[in-house]
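Asker: What follows is a structure written as structure tokens; I'll ask about it next.
Each value in this text was obtained by applying a stated rule to the coordinates, not by laboratory testing. Values in this document were obtained by computation on a predicted structure and should not be read as measured data. Note: ideal-geometry Cβ built from the backbone for every residue, glycine included; neighbour counts use all protein chains shown.
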């Protein structure tokens with residue numbers, strides 16, 4: 001989880017240690033709709049997974065992404 | 001660099017990937033590239049992008065087209081818009097992508113795949129655009145996609161979720177390609193490729209194995225060497241000077257170059273051949289002197305790490321790329337060397353004639369040694385100097401020459417094409433001269449920039465390629481220009497010398513031509529020449545034939 005959080009922080013350009021699993025999209029300034037796609041793309045690329053299109057709208061917290069790789 | 005990207009799809013992701021290294025202007029919304037072409041955007045104009053990248057997603061561009069005719073019309077329309085952008089941003093480099101089209105699957109399979117034809121049609125459009133607009137260049141998107149593979153490059157999910165045609169990994173790749181292109185745009189092209197021979201151009205050691213024993217053939221182990229030679233010959237055709245630095249007996253080397261049936265490169269392909277037992281760094285230094293080039297124009301290729309290290313340590317300006325461990329990679333290593341050190345947008349005629357010109361120079365030097373006196377030598381050359389006002393087909397050369405000439409350059413005034421056009425439309429004149437003699441044509445090598453103030457001609461710069469230095473060309477040229485100015489009722493010429501670390505050779509040039517020094521300090525000198533009293537002396541330059549082009 002630690003590693004995943006810092007990976008997300010890097011992409012979101014968020015301060016180190018600022019993200020928690022329950023952090024929501026609204027709390028992170030850089031997390032707009034384009035960033036949503038970027039996060040999907042970067043997570044897929046790094047962890048070799050695929051998030052289906054109909055799941056995308058349900059990804060609203062950091063933890064929602066983590067579910068796919070855990 | 002200040003850059004912007006216009007596209008017909010959502011490329012916003014690229015901005016976040018590139019913003020760390022580059023200053024970016026982001027268009028409003030996405031996909032609206034055409035509106036920027038049709039209406040100049042004041043914000044974008046104020047931003048003054050150094051590079052404006054137009055990334056066209058071909059499948060989207062032609063999505064609504066059903067016939068070949070419609071596809072052509074759409075491409076023509078896009079070409080028109082690209083041309084408008086080139087005109088609206090004359091000081092920006094406009095990079096326009098080739099297009100990749102996914103195959104047309106749903107068709108009778110014996111029928112030609114129209115997508116291939118349509119992509120090729122756009123390629124043609126781009127070629128004529130790059131000929132028409134000199135600030136417009138190709139961006140090889142199609143090859144990038146082909147190299148990586150369509151299946152991985154495209155993402156249907158990203159497309160339907162956000163109008164982003166490409167996968168995340170592909171976007172990183174594309175951002176990398178853009179980064180690389182931008183950085184290449186800022187590097188200066190090198191000029192000389194210095195090659196080792198044994199185990200570099202062929203397998204084995206000619207001094208030991210003999211001419212019949214070296215590895216060089218169309219198949220098996222000798223084939224990579226031969227293919228690498230083909231790539232090197234292509235580089236030569238792209239204006240790269242080739243040289244040999246080999247520890248060998250010269251006669252062995254010449255025997256291979258002249259007689260080996262499988263050699264692709266021959267003696268005449270090389271501007272300089274150094275085959276002896278001197279340290280290679282010394283030979284490279286000698287070449288730099290002989291070719292009149294800086295060491296930073298050289299790239300040195302050798303399979304022997306000790307040789308590479310020696311050159312690297314004693315001549316840090318010389319580029320020394322790694323040599324591939326596996327000889328099968330040699331041809332692709334050569335392609336990589338071209339991309340890294342010799343990459344260029346457009347070749348001038350000068351670039352293509354270089355090797356021959358340097359060989360001619362060698363003959364001239366031989367003649368100079370043989371002649372009884374300098375005047376005799378000059379007379380024997382039968383030099384012709386052709387003077388012309390700048391014309392459009394010479395602009396590339398004019399800009400190239402004024403930006404790379406360091407030694408014979410009295411004011412070292414650098415201008416890009418836009419600046420030059422500004423200078424000319426403000427009343428500036430640019431005279432150029434082409435020099436040829438019995439050994440060959442040295443090309444357009446002299447430039448004089450001046451403007452007229454009432455009855456005075458003010459020289460803004462005078463420069464000449466070092467290629468023709470020492471042949472009294474500058475004197476013959478200037479005498480003729482002075483004669484012409486006098487005829488045009490100019491009564492005085494004013495000129496300057498601005499000191500740089502490299503232009504010592506012309507420090508006393510104006511004095512030597514009879515100009516009177518008006519002021520002088522450490523950094524500059526100003527001069528004048530009264531034409532009502534002074535008449536140019538018949539110097540040694542009048543041996544040359546000087547003509548004006550109509």
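Asker: When you look at the Cβ of every residue in B:9-20, what mean number of other chain Cβ atoms sits within 10 Å?
Answerer: That works out to 2 on average.
Asker: Here's a follow-up. Taking only C-alpha pairs under 8 Å that are 6+ residues apart, what is the relative contact order of chain B in percent? The partial results should precede the final answer.
Answerer: Details: 874 pairs, mean separation 48.4, N = 550.
This gives 9 percent for chain B.
Asker: Return the average number of partner chain Cβ atoms within 10 angstrom of each residue Cβ along peptide A:35-47.
Answerer: 5
Asker: Taking 0.36 nm per intervening residue step and subtracting the Cα-Cα distance, what contour gain separates residue B:221 from residue B:314 on full extension? Numbers along the way, then the final one.
Answerer: Details: separation 93, 0.36 × 93 = 33.48 nm, distance 3.36 nm.
Taking residue B:221 through residue B:314 to full extension adds about 30.1 nm, to one decimal.
Asker: Over chain A, what is the mean sequence separation of C-alpha contacts under 8 Å (at least six apart), divided by residue count, expressed as relative contact order in percent?
Answerer: Computed over chain A, the figure is 37 percent.
Asker: Identify the residues of segment B:37-68 with backbone N under 13 Å of a label point that sits 7 angstrom from the Cα of residue B:1 along the Cα-to-Cβ direction, or state none.
Answerer: The answer is B:49-54.
Asker: Tell me, what is a quarter of the convex hull surface for the C-alpha atoms of chain B, in nm² with one decimal?
Answerer: Details: hull surface 126.7 nm².
Averaging across all directions leaves 31.7 nm² for the Cα convex hull.
Asker: Next up: Along each of the three principal axes of the Cα atoms of segment B:269-363, give the extent in whole Å, ordering the values from largest to smallest.
Answerer: Taking the Cα atoms of segment B:269-363, the three principal extents are 36, 33, 22 Å.
Asker: When a/c is below 1.5 the answer is rounded, else prolate if a/b is larger than b/c, else oblate, so apply that to segment B:14-124 with a ≥ b ≥ c taken from the square roots of the Cα gyration tensor eigenvalues.
Answerer: It comes out prolate by the Cα gyration axes.
Asker: Rounded if a/c is under 1.5, else prolate if a/b beats b/c, else oblate: with a ≥ b ≥ c from the C-alpha gyration tensor eigenvalues square-rooted, which is segment B:201-293? Show your work: numbers first, answer last.
Answerer: Numbers: a/c = 2.21, a/b = 1.31, b/c = 1.70.
Oblate, since a/c reaches 1.5 and b/c is not below a/b.
Asker: Compute the separation of the alpha-carbon centres of segment B:188-207 and segment B:41-98 and state it in Å as a whole number.
Answerer: One Cα centre to the other: 42 Å.
Asker: With n ≥ 4 as the cut-off for DSSP H runs, can you work out [θ] at 222 nm for chain B, using -39500 (n - 2.57) per run divided by the number of residues, rounded to the nearest 500?
Answerer: -12000 deg cm²/dmol
Asker: List the pair-distance distribution P(r) of segment B:44-90, using every Cα-Cα distance, as the percent of pairs falling in each 10 Å bin from 0 up to the bin containing the longest distance, rounded to whole percents.
Answerer: 23, 43, 24, 9, 0
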